[in-house]
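A.B. asks: Below you will find the structure I want to go over with you.
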Amino acid sequence: MRDSIDHIETFVVTIPRDTPYLGPLRAGESVNERGYLVRSSNRTIYPTEDRSVLIKVTTKDGAVGWGETYGLTAPRVIGEFVDDLILPLVRGRDPFDVSAIWHDLYDLLRVRGYDGGFWLDALAALDIALWDICGKLANQPVRKLLGGERRASIPAYVSGLPRATLDERIALAADFVAQGYDAIKFAAAVDPDGIEAELAALREALGPKVKLMIDFHWMFGRGEAAALIRRLEPYGLWFAEAPVKPEDVEGLAHVARAVATPIAAGEEWRSVHDALPRLAAGAVSIVQPEMGHTGITQFLRIARLAAAHHVATIPHATIGVGIFQAASLQASAAVDELPMHEYQHSILDRNAALLDGDLACEAGAYRLPSGPGLGVAPGAALWAHAEKIQG
């Protein structure tokens, strides 16, 4: 008989940081008693620390797989889902049925309105862990199980310039270009009143060959977004990310029709069902699946659907310890049309040091983890930042 799933443990990992994600607080922003701040520019809540949820799946024969998902807000919800619903339903199942398991669990709550959010984040963590087990049992990197390795390294674009002043952000971008990176994205939410000035200054400082992108963090209405992007286009905007509210599919399509700049979106999507209406509407030129939300199974379904619409995949990368980052690189290596991958330097460079394995981004590109499965696992130093919450 094949090995089978036996047990799941859940951990919240919290890593302090000196500067909150996206940069220092702006006037009027403050940290509440639970350690959260609300960015006034995009009205979105963030923790002041790096935080995510890890799950450890163990089989009857002792094989271990690691998964990770978002833990930015209310992270214990994931543990409740795992303990109360997921484990009793998957115990005894073959880990090689990973895609079938995702669909079976998705079916359970779809008609009750849980076709996204925390429920699918929990499924993403489980999915990543099961693929990790599959790779270890096969003694192969996960990418070899996903159709084959199409690239040995993955070009990276620098994401975020978390400095207080424009001069400091320009200097940071110039330093990355000197290291070999040729693509930079900045967050409009850091200085929403100075977007055009920042792009102009970056272009002047970095020259015409560096790709420059902006993440608008869903701040604008469709007309305002389209007008702003048109004003920015003379500076050579390589893509514009998340210009309108995520639920405004027609608004996103309106912006895409109104500008020459490629429109990118998708970090908040959990499944191919989120991608389909946006692709069908011609609303995006680039999809940005986030492994911490999708897991490997849905990440690949989104990328393959995008390819069928002749749309490129440029994966998103967010706050985590590096487990779902490694999963994203494994899946990205098997995707047909994938020009580059986001590189959250303020997160990865520090947090990946807490992992065993060779997860790194250097001189403009990611190195693919080389071991079986995901190629990474929590290292001894990580456990100083982890709290077991279930299992």
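A.B. asks: Quick one: which of ALA129, ALA122, ALA156 is crowded, with 17+ Cβ neighbours inside 10 Å and either closer than 24 Å to ALA312 by Cα or β-branched (Val, Ile, Thr) (or both)?
C.D. replies: Sole residue among the options that is crowded, with 17+ Cβ neighbours inside 10 Å and either closer than 24 Å to ALA312 by Cα or β-branched (Val, Ile, Thr) (or both): ALA156.
A.B. asks: Report yes if some residue within region 98-110 is over 21 Å from the mean Cα position of the chain (by Cα) and assigned to a loop (DSSP other than H, G, I, E, B); otherwise report no.
C.D. replies: no
A.B. asks: Being of a type in the set (D, E, K, R) and farther than 19 Å from ILE195 by Cα: is that true of GLU268 here?
C.D. replies: Here the answer is yes, as GLU268 does meet what is asked.
A.B. asks: Is it the case that region 286-299 has a residue that's part of a loop (DSSP other than H, G, I, E, B), of a type outside the set (Phe, Trp, Tyr), under 11 Å from the mean Cα position of the chain (by Cα) and assigned by TED's automatic domain parsing to the domain that holds SER159?
C.D. replies: Yes: region 286-299 contains one or more residues that are part of a loop (DSSP other than H, G, I, E, B), of a type outside the set (Phe, Trp, Tyr), under 11 Å from the mean Cα position of the chain (by Cα) and assigned by TED's automatic domain parsing to the domain that holds SER159.
A.B. asks: Mind listing whichever residues of region 251-302 are hydrophobic (A, V, I, L, M, F, W, C) and under 15 Å from GLU337 (Cβ atoms)?
C.D. replies: ALA264, ALA275, LEU279, VAL284, ILE286, VAL287, PHE299, LEU300, ILE302
A.B. asks: Working only within region 91-147, note down all residues that are polar (S, T, N, Q) and more than 19 Å from HIS273 (Cα to Cα).
C.D. replies: ASN139, GLN140, listed by residue number.
A.B. asks: In the set GLY71, GLY67, which member is more than 13 Å from GLY391 (Cβ to Cβ) and of a type outside the set (S, T, N, Q)?
C.D. replies: GLY71
A.B. asks: Among the residues of region 71-80, is there at least one that is surrounded by fewer than 21 Cβ atoms within 10 Å (Cβ to Cβ) and either without any contact (Cβ under 8 Å) to a residue 12 or more places away in the chain or among the aromatic types (Phe, Trp, Tyr) (or both)?
C.D. replies: For region 71-80, residues surrounded by fewer than 21 Cβ atoms within 10 Å (Cβ to Cβ) and either without any contact (Cβ under 8 Å) to a residue 12 or more places away in the chain or among the aromatic types (Phe, Trp, Tyr) (or both): absent.
A.B. asks: Right, something else. From the list ASP61, ASP84, pick out the single residue that is farther than 22 Å from GLU268 by Cβ, of a type outside the set (Ser, Thr, Tyr) and assigned to a loop (DSSP other than H, G, I, E, B).
C.D. replies: Of ASP61, ASP84, the one residue that is farther than 22 Å from GLU268 by Cβ, of a type outside the set (Ser, Thr, Tyr) and assigned to a loop (DSSP other than H, G, I, E, B) is ASP61.
A.B. asks: For the subset of region 127-165 comprising residues that are assigned to a helix (DSSP H, G or I), in contact with a helix residue (DSSP H, G or I) (Cβ under 7 Å, 6 or more places away or on another chain) and among the small types (Gly, Ala, Ser), which member is nearest to GLN288 (Cα to Cα)?
C.D. replies: GLY135
A.B. asks: Moving to a separate point now. Which residues, taken from region 91-127, are at pLDDT below 95 and of a type in the set (Ser, Thr, Tyr)?
C.D. replies: TYR114
A.B. asks: Could you go through region 184-205 and let me know if any residue there is within 30 Å of LEU105 (Cβ to Cβ) and under 23 Å from the mean Cα position of the chain (by Cα).
C.D. replies: no
A.B. asks: For residues in region 14-43 being buried (at least 19 other Cβ atoms within 10 Å of the Cβ) and in contact with an Asp or Glu (Cβ under 8 Å, 6 or more places away or on another chain), which is farthest from LYS245 (Cα to Cα)?
C.D. replies: Top of the filtered list is ILE15.
The values are calculated or read from the model by the stated rules, or taken from the named source; none is laboratory data. Small disclaimer: the values here were computed from a predicted structure and weren't measured. Ideal geometry is used to build each Cβ from the backbone, glycine not excepted, and the neighbour counts take in all protein chains shown.
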